[in-house]
Amino acid sequence: MITKTFKTVLFVTFLLLSANTITAQYGNGYGGNGYGGGSNGYGNNGRSSQMSQMSQSNQQSAPKPIPAEVTAAKVVAYYKKELNLDALQEVVVTNIYTKSIKKQEALFLKKEMSDEDKSKEFKVLSEMTDLEVMQILNKDQKAKYRNLIEEQKSKIESRKH
């Protein structure tokens, strides 16, 4: 009697597990992803759905570029501390650096320019930015700004060598 009951329970369990596995294979269980994918269990709809999910995940994992305003705000925060900028100077310098960074990004993306030409353009853009900033600084701030620029240039040169 125990063996007949045991066999019955084992058989019912086997049937339940088999039925669940079969329905899962044809997209009827576990979220609709079986052999066929999702729509009717046989078509390509599930495959294209999986492919679009993959391409979406690839697009989402690409790093987002940092906005020019965020970068400019970080630069200006440094200069505000070092140069003791007032509120008006802070706003103007932020606008100068935002504009400069956007131009740098556009220049970086130009494919028709050689690297040498881009390098020259970056240098001119940097000098123009420095001139614009210098116009709004007082005498003491200009001296400090020149020193900061020279320090940055020397750090860059030391990294190259």
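The values are calculated or read from the model by the stated rules, or taken from the named source; none is laboratory data. Everything numeric here is computed off the predicted structure, so don't read it as measured data. Here Cβ is always computed from backbone atoms with ideal geometry, including for glycine, and neighbour counts include all displayed protein chains.
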For this session: Hey, can you tell me all the residues within segment 137-147 that are surrounded by 14 or more Cβ atoms within 10 Å (Cβ to Cβ) and assigned to a helix (DSSP H, G or I)?
Result: Q141, K142, K144, Y145
Problem set entry | Where a residue in segment 58-87 is surrounded by fewer than 10 Cβ atoms within 10 Å (Cβ to Cβ) and its partner, wherever it lies, is modelled with pLDDT of 80 or more and not hydroxyl-bearing (S, T, Y), with Cβ under 8 Å and at least six apart | P65/E105
Seminar exercise, completed: The condition of being assigned to a helix (DSSP H, G or I), more than 26 Å from the chain's Cα centre (by Cα) and under 18 Å from Y145 (Cβ atoms) holds, among K74, K81, only for K81
